[in-house]
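The values are calculated or read from the model by the stated rules, or taken from the named source; none is laboratory data. Quick caveat, the model's predicted, so the values are computed rather than measured. Cβ sites come from the backbone with ideal geometry, for glycine too, and all protein chains shown count toward neighbours.
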Amino acid sequence: MKIRFVFSLVLALFSAAATALPGDYLAQQPTKGDFALVGKNTQASIQLDDKDHKGLKRAVYSLQQDIEKVSGKRLSISATTPAKQLLIIGSLGNNTLLDQLIAAGKLDVSDIKGRWEAYLIQLVEQPLPGVEQALVIAGSDKRGAIFGVYDLAETLGVSPWYWWADVPVKQRSELYIKAGTRLTDAPKVKYRGIFLNDEHPALTNWSSEKFGGYNSKFYQHVFELLLRLKSNFLWPAMWNNAFADDDPLNAILADEMGIVMSNSHHEPMMRADKEWNRYGKGPWEYSSNRANIYKFWQEGAKRHQHLESIFTLGMRGQEDEPMSEGENIGLLEQIVADQRQILTETFNDRPITEVPQVWALYKEVQGFYERGMRVPDDVTLLWADDNYGNIRRLPTAEERGRAGGAGVYYHFDYVGSPRSYRWINTVPMAKIWEQMNLAWQFQADRIWIVNVGDLKPMEFPIDFFLRMAWNPPAFTADNLEQFAVSWASQQFSAERAATVAELIQGYTRHNGRRKPEAVEPNTYSILHYREAERVSNELAALVKKSDELYSQLPTEQRDAYIQLVSHPLKASQAVYELNSAVAMNKLHGEQGRVTTTYWAEQVRYWFKQDAELTTIYHNLGNGRWNHMMSQPHIGFTYWRNPPANLMPVVSIAEPMAVADMGVAPEGSAFSWPISEYKGQPLELEPFYPHGQTERNIEIFNKGSLPFEFSAKASVDWIKLSQTKGQIEVAQSIQVKIDWSKVKTGLNVGEVHVQGTGWGGAKIQVSAVQPATEPTSGFVEADGYIALDAASAKVQGNNNQSWWQLIPGHGRGAASMAAMTELDYQIKDIRKAPYLEYPLYFHSTGEFTLHSLIAPTLDLVPGRGLRFAVALNNDQPKVVDSLANKSPAVWDNAVLDGIRTIKSSIKVEKAGEHKLRIYLVDPALVLQKLIIDTGGLKPSYLGPEQSIHIPVVLEAAALLTAPLSPSHIG
């Protein structure tokens with residue numbers, strides 16, 4: 001990986017448009033030399049050889065239907081050459097006309113011959129007698145030709161999601177292919193697929209209703225989707241299902257269409273877990289029941305002897321549990337040896353090294369490997385993430401030499417501790433890219449498979465994952481946003497694409513902060529930094545924009561829009577607002593407010609709204625997707641989901657027919673008069689010139705009759721938005737400071753609020769006027785300095801190591817990722833690239849630095865996941881982000897979506913300073929930095945970024961200052 005300056009962004013975006021989505025070879029307006037697939041008065045014929053693969057024939061028939069949907073014209077399919085314009089489709093060695101063109105030197109297939117799943121699309125002039133032009137789609141093998149066919153279909157305007165998300169086909173009366181068209185492509189990851197898992201109740205009930213179960217009628221649509229996304233691999237649904245046993249046609253159809261089948265990480269030898277329940281004899285214990293299990297596996301190998309498959313090796317307990325035999329490495333090695341013997345006997349026409357096999361190093365199985373267990377060199381090692389999207393391990397330099405290579409098992413869906421998440425899309429695209437880019441860099445490129453749960457509603461991340469698997473280098477941190485826009489344009493339209501992309505990125509950013517199933521009433525602070533209000537406003541703005549866009553959409557696009565955009569957005573909002581309302585209901589109940597009942601009603605509203613959104617989804621297309629959103633997701637009390645969505649317990653206020661005042665300062669759970677009884681003084685957080693500019697005092701009613709109030713400040717530098725009024729329910733007074741009247745140092749006053757009750761409430765107000773005016777940098781105020789990681793000035797990036805900006809990553813707008821060339825190690829930290837943040841301190845002392853990083857794991861043994869911190873030119877102090885690897889720390893990290901690392905910095909004098917974060921280990925991703933100077937309050941996201949005062953340069957310096965890239969990576 002080499003240094004990339006900012007000007008490469010333009011090239012990257014162009015590359016993304018050309019590579020990530022189908023080729024740009026459809027002529028928008030016909031010109032001379034273009035190929036008329038469907039012309040004004042003509043149409044081409046499709047030539048397909050009878051001896052070619054059945055799966056390719058299926059794809060060509062699909063293409064015929066696609067062209068008809070787009071243009072209204074049905075092209076004929078023949079083995080002869082009846083037309084002047086001919087679309088020739090075939091795999092090398094299986095199409096007579098292709099062979100003739102190659103032999104005559106009119107078609108050069110050297111770029112694809114002998115390659116895995118490669119295809120060529122080329123326009124050939126006068127290829128054969130009587131044929132003026134031929135558009136050739138040639139595949140190096142069966143799937144190569146199929147992928148070429150679907151590349152054309154997608155280019156013509158048929159989204160891969162036309163069936164699974166009701167995306168309308170974009171219609172054109174004429175279809176022309178650009179003159180001079182020639183393109184070749186082939187995948188860079190060999191096996192690319194999905195795992196249908198945790199599929200009850202949603203997908204199971206839907207497939208039962210629509211198809212009668214997980215049979216070949218169902219799987220035909222799954223296989224077609226995978227092929228349209230240039231994917232070739234599937235782990236089938238398995239919770240209470242057995243792919244090859246439920247319908248004998250399932251495995252046969254998969255092989256015919258071109259899908260390589262395997263079974264999940266704990267289902268060895270092409271036998272489903274549930275098949276043992278049906279046919280197994282004795283316990284699932286190899287140490288005591290070897291003979292029966294051995295025979296069971298023999299039958300699985302024989303069943304798939306003539307079908308393209310990857311055999312999972314090893315053994316776990318039933319239903320994806322650890323083995324009851326414990327960590328018996330010797331037994332596991334015997335199991336693998338026996339499985340290999342079965343394969344050797346079954347596939348006696350080829351060496352065992354040519355039978356695809358995989359060992360999934362999932363959960364405790366990775367521990368067996370780390371403690372010395374090995375499998376033969378030709379077996380693929382499938383490394384897994386931690387079930388929350390953080391890869392646990394990647395190949396070392398030595399492991400990268402293994403013939404079987406390595407792959408990654410990733411998750412968009414999971415059942416287990418610390419919290420199951422099965423309901424909706426929660427993984428931001430940038431997170432997927434960041435982790436899978438590491439997989440590609442470390443050459444884990446044999447298998448990429450992702451757990452997608454019910455398939456819907458994971459359309460966007462599935463699409464991204466599989467396209468990235470096809471060509472990982474085409475995806476960079478710089479062009480991720482462009483992919484989102486291009487994808488949105490494909491599903492809807494170019495003019496609406498930017499907004500659709502913003503909405504998808506918006507709700508996934510929110511869900512990436514914390515998965516909806518893990519959001520609780522106390523997750524986001526209702527007291528500090530107006531955090532809950534900020535999140536609520538952010539979601540409301542997205543929903544408003546979504547509703548506006550929906551009203552502008554053509555009717556035929558609305559069902560797809562609900563599925564892909566508005567439902568997940570609104571459903572995410574409903575879960576958030578419900579929990580926020582529960583928190584407000586509890587607080588107001590404790591304070592005795594009449595509004596307690598209002599917040600109870602809000603809880604009921606959002607609970608009902610969630611149910612109504614589900615009903616709307618299930619009613620789309622007259623019940624086309626009934627059951628698909630039926631996964632319970634409200635009411636978790638531990639890791640497992642409840643049996644149904646559970647309405648939270650709420651408090652109801654029954655106020656007396658009196659007027660009764662309460663007063664609460666912003667940022668405090670205490671209120672008057674309760675605080676007076678408990679001896680708890682009421683106060684607003686101190687004001688600073690560069691901090692929060694206003695704070696509220698809320699006056700509320702605890703009874704049902706209105707009352708008059710008055711408010712008076714004890715000093716003239718305290719400014720109140722109003723000093724009297726009438727309270728029926730509640731009213732806020734905004735408190736501000738007139739800094740021209742504040743003396744240097746600490747200033748203390750109070751606001752006296754009178755209404756009902758004896759004496760009234762007194763709220764202390766303090767203002768701190770620093771002795772000096774800050775000159776530049778992020779300014780300390782309110783007891784902290786908060787920094788977004790992406791606000792750094794990047795210093796010292798080079799060819800071997802660099803900090804990379806990743807837009808859309810993390811809780812905010814972007815994160816900064818530490819990257820290096822493969823296996824490169826920083827030797828001198830002082831010379832390493834660093835992030836620099838200009839600061840201005842009013843305080844001095846030893847302060848705590850909170851570094852908020854992604855919950856990445858130390859995916860290379862012995863390397864660690866470290867960074868270094870320095871103030872100014874001090875010696876950098878190395879910080880180990882994984883010093884504590886306890887299960888409790890991991891639980892919190894994956895639920896929070898960040899790991900907070902605390903270290904200390906010492907500020908000996910007030911004024912300007914520079915905080916530097918040095919790159920030590922790659923894969924560390926920094927999201928935010930907070931320096932606690934004594935006033936940091938508990939919250940989930942932390943305070944917003946502190947005010948920044950830019951450096952004022954002299955005019956002459958501005959004219960001579962060198963230009964530098966905004967970031968290098």
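Residues considered: Leu936, Leu926, Leu941. Of these, the only one that is within 34 Å of the chain's Cα centre (by Cα), at pLDDT 95 or above and closer than 30 Å to Lys827 by Cβ is Leu926.
For first residues located in region 143-164 and more than 19 Å from Ile462 (Cβ to Cβ), partners that are crowded, with 24+ Cβ neighbours inside 10 Å and among the hydroxyl-bearing types (Ser, Thr, Tyr) and lie 6+ apart or on another chain with Cβ distances below 7 Å form the pairs Gly144/Ser91; Gly144/Tyr119; Ala145/Ser91; Ala145/Tyr119; Gly148/Tyr119.
Inside region 797-816, residues that are assigned to a loop (DSSP other than H, G, I, E, B) and on the phi < 0 side of the Ramachandran plot make up a count of 8.
Considering Ser173, Ser159, Ser216, the condition of being buried (at least 19 other Cβ atoms within 10 Å of the Cβ) and hydroxyl-bearing (Ser, Thr, Tyr) is satisfied by Ser159 alone. Restricting region 808-847 to residues that are within 30 Å of Pro943 (Cα to Cα) and among the polar types (S, T, N, Q), the residue that is surrounded by the most Cβ atoms within 10 Å (Cβ to Cβ) is Ser815. Being in a loop (DSSP other than H, G, I, E, B), of a type outside the set (Asp, Glu) and surrounded by 15 or more Cβ atoms within 10 Å (Cβ to Cβ) is the requirement here; does His850 meet it? It is false that His850 is in a loop (DSSP other than H, G, I, E, B), of a type outside the set (Asp, Glu) and surrounded by 15 or more Cβ atoms within 10 Å (Cβ to Cβ). Is at least one residue of region 440-457 at pLDDT 95 or above, among the acidic types (Asp, Glu) and not in a loop (DSSP other than H, G, I, E, B)? Taking every residue of region 440-457 in turn, none turns out to be at pLDDT 95 or above, among the acidic types (Asp, Glu) and not in a loop (DSSP other than H, G, I, E, B). Among the residues of region 923-939, which ones are in contact with an Asp or Glu (Cβ under 9 Å, 6 or more places away or on another chain), buried (at least 19 other Cβ atoms within 10 Å of the Cβ), assigned to a loop (DSSP other than H, G, I, E, B) and not β-branched (Val, Ile, Thr)? Of everything in region 923-939, those that are in contact with an Asp or Glu (Cβ under 9 Å, 6 or more places away or on another chain), buried (at least 19 other Cβ atoms within 10 Å of the Cβ), assigned to a loop (DSSP other than H, G, I, E, B) and not β-branched (Val, Ile, Thr) turn out to be Ala923, Leu936. For region 771-796, filtered to residues that are among the polar types (S, T, N, Q) and either in contact with a Ser or Thr (Cβ under 7 Å, 6 or more places away or on another chain) or not in a loop (DSSP other than H, G, I, E, B) (or both), the residue that is surrounded by the most Cβ atoms within 10 Å (Cβ to Cβ) is Ser791.
Results for (1) assigned by TED's automatic domain parsing to the domain that holds Leu926; (2) touching a strand residue (DSSP E or B) at 6+ places or on another chain (Cβ under 7 Å); (3) among the aromatic types (Phe, Trp, Tyr), shown as yes or no for each residue.
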site	(1), (2), (3)
Gln764	no, yes, no
Ala781	yes, no, no
Tyr784	yes, yes, yes
Ala789	yes, yes, no
Ala792	yes, yes, no
Gly796	yes, yes, no
Ser801	yes, yes, no
His809	yes, yes, no
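Could you tell me whether region 283-305 includes any residue that is at pLDDT 95 or above, touching a Leu at 6+ places or on another chain (Cβ under 8 Å) and not polar (S, T, N, Q)? Within region 283-305, one or more residues are at pLDDT 95 or above, touching a Leu at 6+ places or on another chain (Cβ under 8 Å) and not polar (S, T, N, Q). Residues in region 695-716 that are farther than 13 Å from Pro665 by Cβ, without any contact (Cβ under 8 Å) to a residue 60 or more places away in the chain and outside any loop (DSSP other than H, G, I, E, B): Phe707, Glu708, Phe709, Ser710, Lys712, Ala713. In region 615-631, the residue that is surrounded by the most Cβ atoms within 10 Å (Cβ to Cβ) out of those that are without any contact (Cβ under 8 Å) to a residue 24 or more places away in the chain and under 19 Å from Gln573 (Cα atoms) is His618.
Conditions (1) among the basic types (Lys, Arg); (2) more than 23 Å from Pro521 (Cβ to Cβ); (3) not in a loop (DSSP other than H, G, I, E, B), marked per residue:
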position: Met656; (1), (2), (3): no, yes, no
position: Phe670; (1), (2), (3): no, no, no
position: Gly679; (1), (2), (3): no, yes, no
position: Thr693; (1), (2), (3): no, yes, no
position: Val748; (1), (2), (3): no, yes, yes
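Taking (1) over 24 Å from Gly757 (Cβ atoms); (2) under 49 Å from the mean Cα position of the chain (by Cα) in turn, Lys741 satisfies each apart from (2). Within region 394-422, residues that are not assigned by TED's automatic domain parsing to the domain that holds Val452 and assigned to a loop (DSSP other than H, G, I, E, B) reach no partner that is of a type in the set (A, V, I, L, M, F, W, C) and at pLDDT 95 or above with beta carbons closer than 8 Å at six or more positions or on different chains. Keeping to region 100-149, report how many residues are surrounded by 14 or more Cβ atoms within 10 Å (Cβ to Cβ) and assigned to a strand (DSSP E or B). Qualifying residue count, region 100-149: 17. Scanning region 572-587 for residues that are within 15 Å of Glu601 (Cβ to Cβ) and of a type outside the set (Gly, Ala, Ser) yields Glu577, Leu578, Val582, Met584, Asn585, Lys586.
To keep it simple, each residue is scored yes or no on (1) surrounded by fewer than 19 Cβ atoms within 10 Å (Cβ to Cβ); (2) in contact (Cβ under 8 Å) with a residue 40 or more places away in the chain.
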| position | (1), (2) |
| --- | --- |
| Ala469 | no, yes |
| Thr476 | no, yes |
| Glu481 | no, yes |
| Ala488 | no, no |
| Ile504 | no, yes |
| Lys515 | no, yes |
| Glu520 | yes, yes |
| Tyr524 | no, yes |
| Glu531 | no, yes |
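The set of residues from region 24-56 being within 30 Å of Ala469 (Cβ to Cβ), surrounded by fewer than 17 Cβ atoms within 10 Å (Cβ to Cβ) and either in contact with an Asp or Glu (Cβ under 9 Å, 6 or more places away or on another chain) or at pLDDT 95 or above (or both) comprises just one member, Lys54.
Taken together, Leu226, Leu196 contain a single residue that is within 30 Å of Leu120 (Cα to Cα) and either modelled with pLDDT of 95 or more or among the hydroxyl-bearing types (Ser, Thr, Tyr) (or both), which is Leu226. Just one residue in the set Gly757, Gly703 is in the same structural domain as Ala669 (by TED's automatic domain parsing), at pLDDT below 95 and surrounded by 14 or more Cβ atoms within 10 Å (Cβ to Cβ); that residue is Gly757.
Within region 63-73, is there a residue that is in contact with a helix residue (DSSP H, G or I) (Cβ under 6 Å, 6 or more places away or on another chain), under 18 Å from Arg143 (Cα atoms) and at pLDDT 95 or above? Scanning region 63-73, I find at least one residue that is in contact with a helix residue (DSSP H, G or I) (Cβ under 6 Å, 6 or more places away or on another chain), under 18 Å from Arg143 (Cα atoms) and at pLDDT 95 or above, so the answer is yes.
Residue count for region 369-393, restricted to those that are outside any loop (DSSP other than H, G, I, E, B), touching a residue at least 60 places away in the same chain (Cβ under 8 Å) and of a type outside the set (Val, Ile, Thr): 4. For region 854-901, the set of residues classified as more than 22 Å from Tyr421 (Cα to Cα) and assigned to a strand (DSSP E or B) consists of Arg866, Phe867, Ala868, Val869, Ala870, Leu871, Lys877, Val878, Val879, Asp880, Thr900, Ile901, listed by residue number. Every condition in (1) exposed (fewer than 14 other Cβ atoms within 10 Å of the Cβ); (2) assigned to a loop (DSSP other than H, G, I, E, B) is met by Lys719 except one, and the failing one is (2).
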